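For reference, the structure is listed below as structure tokens.
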Amino acid sequence: MNLLETLQNAVVKAVDQCYGHQIEPDQVTLNVTRKDFTGDYTVVVFPFTKAARKKPVEIGEELGAYLVEHVAEVHAYNVINGFLNLVVADAYWSAFFREALATEDYGRGAPKNSTVLVEYSSPNTNKPLHLGHIRNILLGWSCSQILTAAGYAVNKVQIINDRGIHICKSMLAWQKFGNGETPQSTAMKSDHFVGKYYVRYAQEEKAQKAALVAAGQQEAEPAILGEARQLLLRWEANDPEVRALWEKMNGWVYEGFEETYRNLGVHFDKNYYESNTYLLGRENVQDGLARDIFYRKPDGSVWINLEAAKLDHKLVLRSDGTAVYMTQDIGTALLRYADFKMDRCVYVVGDEQNYHFKVLFEIMKRLGAPFAEGLYHLSYGMVDLPSGRMKSREGTVVDADDLMAEVIEEARKNSEESGVITGLSAVEKQQINTQIGLAALKFFILKVNPQKRMVFDPKESVDLQGHTGPYIQNAGVRARSVLRKAAQLEVDYALAGSYTELAVAEKDLIALLYRFPAVIQQSARAYDPSVVAAFCYDLAKSYHKFYHDYSILQAETEAAKAFRLQLCQLIERTLTMGMRLLGIEMPERM
């Protein structure tokens, strides 16, 4: 039983003993005490006023006195209005600290015998990854790591959108305007090279449309759009020449994607390709027709009535028997279950697709998919820049590679100004600047609740004194520096056990460390890395203050020195693990 459960059960017994009223533990509201009050945990006593027939302050005093007398973990209490603040005994914190210090991978949950599939990234092969993809990728990767730490078996997948009219537009533009150039001949990153031709196509279509309008032919279709459609028809007919071009240009894009993924520090367990999955789902629809889950209209198209779920009627097969995106998603979900037998499936997709996933999940329930109750759409808001929104077709997107280069350059400038890594080799400097720059990018995005729209500011993200990744990295670097210096000394760590009178700051740090396993579980339940990010920031902030206010290597006694060094060890390990769950590395120096 953990401390929170102990306290909840103790309050249950106290209410029964003091007022003859029986309640359940989940009826006891227990929160972390606000920092401006003395205490560790706060009990809300308002719900007990009816049974006790007393004022909240009186109830708080009576319950507090009972808990101090009967519960070893409670050392003292105070009452503020209707809130009972409990002070946990130093002996409890000391015992917990010794146990956590001796626990390898402290914070990780026990195996849950449950498998989760996480789909993220899922890009188109007509352009490079951009800032919007970065939020998607970071959310997917971090959630995967957090779910793993919480005890789940996790598989990471993506579906690559490698077919369709948008792909043909890039192909057509390269045919018409490329003059045979390649990524190698232009010394251009291969996915950027293909993306250039997607923009070139858009420019040509826009110019042709403007010419038609000027000629009074507003309703006419630009010739280049008709050519792109013809290219798509040839692709669908397995035209060898078109398929060869498609494979070549997609190969260029995949090569570029892989480089970006490596630089971001992410990977996948399996890739799915829309060119292989777009025909899936039709048999499932036919099966659903036979079971009256779907219905056929007079024109031959197949639909599903979802009004009972407060949705609408949804098309799942066109009148000519061809699939729509929903059909494909049905088939792909069932294919993945055959591959992974997952209990849950998390789709990391922007909030513009909220309705689509409500429909998909309802259809999967009606089809009786064994994982239907475990489907979840991790919906996230768009990412803007201080200058405003991005537009792919106009070439105004911020490429993921360019953004990473920018934050790493900002980190390099800061390092040069501070002079803290002077004397290191160029390779070592580059490694540290990369770690700091990517920490700035990743933390700035992941600290925001996924559902919120956000603005990314590269300069603000690398601020060593702000709510940033580098600020947290600096706390870890400080702890490592202290521990390196301690390694040169003769420290009797056995004396740490005799240090029993904790300073307020030491107890607060231990109480914060105590919450780490629960933070991981909470973050996993909510599919929200910002919970872990907030914890890491709070721990770093508390450690920075402790480092400033207390001497560690020159502590007042040998016992205090040994204890504080062990405290540094657990803080450094916890920060390193917490940041790793966000995909962030901790540098040795900065």
Next item on the list: Determine which member of the set 559, 555 is touching a helix residue (DSSP H, G or I) at 6+ places or on another chain (Cβ under 8 Å), free of Cβ contacts under 8 Å to residues at least 40 places away in the same chain and more than 18 Å from residue 470 (Cβ to Cβ).
Entry: 555
Notebook entry, point to check: Which one of 106, 152 is farther than 24 Å from residue 255 by Cβ, touching a strand residue (DSSP E or B) at 6+ places or on another chain (Cβ under 8 Å) and surrounded by fewer than 23 Cβ atoms within 10 Å (Cβ to Cβ)?
Noted result: 152
Notebook entry, point to check: Does the range 273-280 include one or more residues that are surrounded by fewer than 15 Cβ atoms within 10 Å (Cβ to Cβ), on the phi < 0 side of the Ramachandran plot and more than 35 Å from the chain's Cα centre (by Cα)?
Noted result: no
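With the requirement that a residue be assigned to a helix (DSSP H, G or I) and within 20 Å of residue 137 (Cα to Cα), what does the range 445-469 give you?
Step one: filter the range 445-469 for residues assigned to a helix (DSSP H, G or I), giving 445-446, 458-461, 469.
Those that are assigned to a helix (DSSP H, G or I) and within 20 Å of residue 137 (Cα to Cα): 445, 446, 458, 461, 469.
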Notebook entry, point to check: Which residue pairs have Cβ atoms under 7 Å apart, sit 6 or more places apart or on different chains, and have a first residue in the range 85-107 that is farther than 30 Å from residue 60 by Cα and a second that is assigned to a loop (DSSP other than H, G, I, E, B)?
Noted result: 100/106
Note to self: What pairs come out if I take residues in the range 573-590 that are over 25 Å from residue 424 (Cα atoms) and pair them with residues that are acidic (Asp, Glu) and in a helix (DSSP H, G or I) whose C-beta lies under 6 Å away, six or more apart or interchain?
What the structure shows: none
Next item on the list: State all residues of the range 25-40 that are outside any loop (DSSP other than H, G, I, E, B) and within 24 Å of residue 91 (Cα to Cα); if no residue qualifies, say none.
Entry: 30, 31, 32
Next item on the list: Being farther than 11 Å from residue 348 by Cβ and β-branched (Val, Ile, Thr) is the filter here, so list the residues in the range 103-161 that pass it.
Entry: 103, 115, 116, 125, 134, 146, 148, 154, 159, 160
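Suppose we filter 514, 537 for residues that are more than 22 Å from the chain's Cα centre (by Cα) and in contact (Cβ under 8 Å) with a residue 40 or more places away in the chain; which single one remains? Spell out how you get there, then give the answer.
Values: 537 fails: more than 22 Å from the chain's Cα centre (by Cα).
None of the others qualify; the one that does is 514.
Residues to consider are 178, 132; find the one that is in contact with a strand residue (DSSP E or B) (Cβ under 9 Å, 6 or more places away or on another chain), surrounded by fewer than 24 Cβ atoms within 10 Å (Cβ to Cβ) and farther than 30 Å from residue 517 by Cα. So that I can check it myself, show each step before the final result.
On the way: 178 fails: in contact with a strand residue (DSSP E or B) (Cβ under 9 Å, 6 or more places away or on another chain).
Matching residue, one of 178, 132: 132.
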Next item on the list: May I ask you to list the residues in the range 14-24 that are outside any loop (DSSP other than H, G, I, E, B) and crowded, with 16+ Cβ neighbours inside 10 Å?
Entry: 14, 15, 18, 19
Item checked: Where residue 258 falls short, out of the listed (1) of a type in the set (Asp, Glu); (2) assigned to a helix (DSSP H, G or I); (3) over 20 Å from residue 133 (Cβ atoms) -> (3)
Checklist line | Selection count, the range 326-384, where residues are closer than 23 Å to residue 292 by Cα, touching a residue at least 12 places away in the same chain (Cβ under 8 Å) and of a type in the set (D, E, K, R) | finding: 4
Check: Does at least one position in the range 383-397 carry a residue that is of a type in the set (A, V, I, L, M), surrounded by fewer than 19 Cβ atoms within 10 Å (Cβ to Cβ) and either at pLDDT 80 or above or in a helix (DSSP H, G or I) (or both)?
Finding: no
Notebook entry, point to check: Taking the range 445-487, which residues are buried (at least 19 other Cβ atoms within 10 Å of the Cβ), over 22 Å from residue 574 (Cβ atoms) and of a type in the set (S, T, N, Q)?
Noted result: 461
Notebook entry, point to check: If you go through the range 140-176, how many residues are within 19 Å of residue 129 (Cβ to Cβ) and touching a Ser or Thr at 6+ places or on another chain (Cβ under 7 Å)?
Noted result: 9
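When you look at residue 228, is it surrounded by 15 or more Cβ atoms within 10 Å (Cβ to Cβ) and within 25 Å of residue 137 (Cβ to Cβ), yes or no?
Values: surrounded by 15 or more Cβ atoms within 10 Å (Cβ to Cβ): yes; within 25 Å of residue 137 (Cβ to Cβ): no.
Against the criterion (surrounded by 15 or more Cβ atoms within 10 Å (Cβ to Cβ) and within 25 Å of residue 137 (Cβ to Cβ)), residue 228 does not qualify.
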Checklist line | Qualifying positions in the range 261-284 - of a type in the set (S, T, N, Q), touching a residue at least 24 places away in the same chain (Cβ under 8 Å) and part of a helix (DSSP H, G or I) | finding: 263, 275, 277, 284
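So, residue 183, is that one more than 36 Å from the chain's Cα centre (by Cα), farther than 15 Å from residue 166 by Cβ and either at pLDDT 95 or above or surrounded by 12 or more Cβ atoms within 10 Å (Cβ to Cβ) (or both) or not? Give the steps one after another, and end with the answer.
Working: more than 36 Å from the chain's Cα centre (by Cα): no; farther than 15 Å from residue 166 by Cβ: yes; either at pLDDT 95 or above or surrounded by 12 or more Cβ atoms within 10 Å (Cβ to Cβ) (or both): yes.
For residue 183, the condition - more than 36 Å from the chain's Cα centre (by Cα), farther than 15 Å from residue 166 by Cβ and either at pLDDT 95 or above or surrounded by 12 or more Cβ atoms within 10 Å (Cβ to Cβ) (or both) - is not met.
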Next item on the list: Please find, among 320, 292, the residue that is exposed (fewer than 12 other Cβ atoms within 10 Å of the Cβ), part of a loop (DSSP other than H, G, I, E, B), at pLDDT below 95 and among the acidic types (Asp, Glu).
Entry: 320
Next item on the list: Scan the range 57-88 for residues that are surrounded by fewer than 18 Cβ atoms within 10 Å (Cβ to Cβ), hydrophobic (A, V, I, L, M, F, W, C) and in contact with a strand residue (DSSP E or B) (Cβ under 9 Å, 6 or more places away or on another chain) and jot them down.
Entry: 57, 65, 68, 76, 80
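The values are calculated or read from the model by the stated rules, or taken from the named source; none is laboratory data. Bear in mind that the values here come from a model prediction, so they are computed numbers and not experimental data. Glycine gets a Cβ as well: all are built from the backbone with ideal geometry, and neighbour counts include every protein chain shown.
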